[in-house]
Amino acid sequence: FEAKVTEIVGLYLDPPERAVVLCVDEKSQIQALDRTQPGLPLKKGRAATMTHDYKRHGTTTLFAALDVKSGVVIGDCMPRHRAKEFLTFLRRIDRAVKKPRDIHLVLDNYATHKTPEVLAWLEKHPRFKLHFTPTSASWLNLVERFFAEITAKRIRRGSYSSVVDLEDTIYDYLLQHNAKPKPFVWSKTAEDIITRERRALD
């Protein structure tokens, strides 16, 4: 735990020169829920409303890579989140980041990130360096903050007639976010986190 925290926080607070640090994860099983009535927005004297009943129209998975320095997000929606889709997303990142810059990926220990196919691809693309968060420590991955924002600001209160409708909404949010990106600023040092963790275990 301590070694991984120190490694990842070090990337946030003192990123390597001529390299890009990307926080990568998948937000899976995003449901296209069609509300029976549109929700009413918050206004003076009335709370925002949303019907409890809905129709399900399928799901999508959002793959996202948050650039720690700029706040820009590379995102893509795919029907599933297997190694095949993860490889497709890695290729997307490879095209998006100009060579010869190294790419440091912060990601979790999900099995699809370590399959033989993925490892073989990474061996052929040595500029990719993987840094895994500790088990049950997804909060250490900054892209989780982006997922929280897109969920609260766009996905949760929406009504979608199809998966395509849901994905169009996600892509529109990504477009607007990247037009005026704001990076999430990491402030806690590794020492602060490790000290609190040790105190909690005592």
> When the distances between all Cα atoms of the chain are binned every 5 Å from zero, what whole-number percent does each bin get?
Replying inline: 1, 7, 14, 17, 17, 15, 12, 8, 6, 3, 1, 0
>> Order 158-165, 115-122 from most to least packed using the mean count of other Cβ atoms within 10 Å.
In response: 158-165, 115-122
> In whole percent, how big is the carbon plus sulfur part of the accessible area of the chain, probe 1.4 Å, protein atoms only?
Replying inline: 54 percent
> Within the chain, which complete DSSP H helices have Cα atoms spanning at least 15 Å along the helix axis and a mean Kyte-Doolittle hydropathy of -0.5 or higher?
Replying inline: 2-13, 83-96, 163-179
> Dipole of the stretch 125-170 (Lys/Arg Cβ +1, Asp/Glu Cβ -1, origin at the Cα centre): which of 125, 160, 170 lies farthest to the positive side?
Replying inline: 125
> Taking only DSSP H segments of four or more residues, each worth -39500 (n - 2.57), what value at 222 nm results for the chain once the sum is divided by all its residues, to the nearest 500 deg cm²/dmol?
Replying inline: -11000 deg cm²/dmol
> Which three lengths, in whole Å and largest first, does the stretch 94-160 cover when its Cα atoms are put on their principal axes?
Replying inline: 43, 30, 22
>> Let me spell out the model: positive unit charges on the Cβ of Lys and Arg, negative unit charges on the Cβ of Asp and Glu, origin at the Cα centre of the stretch 111-202. What dipole size does that give, in debye rounded to 20?
In response: 300 debye
> To the nearest 20 debye, what is the magnitude of the charge dipole of the chain about its Cα centre, counting +1 on the Cβ of each Lys and Arg and -1 on the Cβ of each Asp and Glu?
Replying inline: 580 debye
> So for the stretch 116-202, Kirkwood radius off the Cα pairs, Stokes-Einstein at 25 °C and 0.890 mPa s: how many µm² s⁻¹?
Replying inline: 146 µm²/s
> Per residue, what accessible area does the chain have, given a 1.4 Å probe and all protein chains present, in Å²?
Replying inline: 58 Å²
> Looking at the stretch 53-202, what % of its DSSP beta bridges pair antiparallel, to the nearest 5?
Replying inline: 55 percent
> In what sequence, highest mean first, do 64-72, 174-182 appear when ranked by Cβ atoms within 10 angstrom?
Replying inline: 64-72, 174-182
>> Check which residues have an amide H placed less than 5 Å from residue 130's amide H, if you skip close sequence neighbours.
In response: 105
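The values are calculated or read from the model by the stated rules, or taken from the named source; none is laboratory data. Because the structure is predicted, anything quoted here is derived from the model rather than measured. Heads up, the Cβs are rebuilt from the backbone with ideal geometry, glycines too, and the neighbour counts pull from every protein chain shown. In case anyone asks, the SASA skips ligands and DNA or RNA and just uses the protein heavy atoms, side chains included. Shrake-Rupley method; radii C 1.70, N 1.55, O 1.52, S 1.80 Å.
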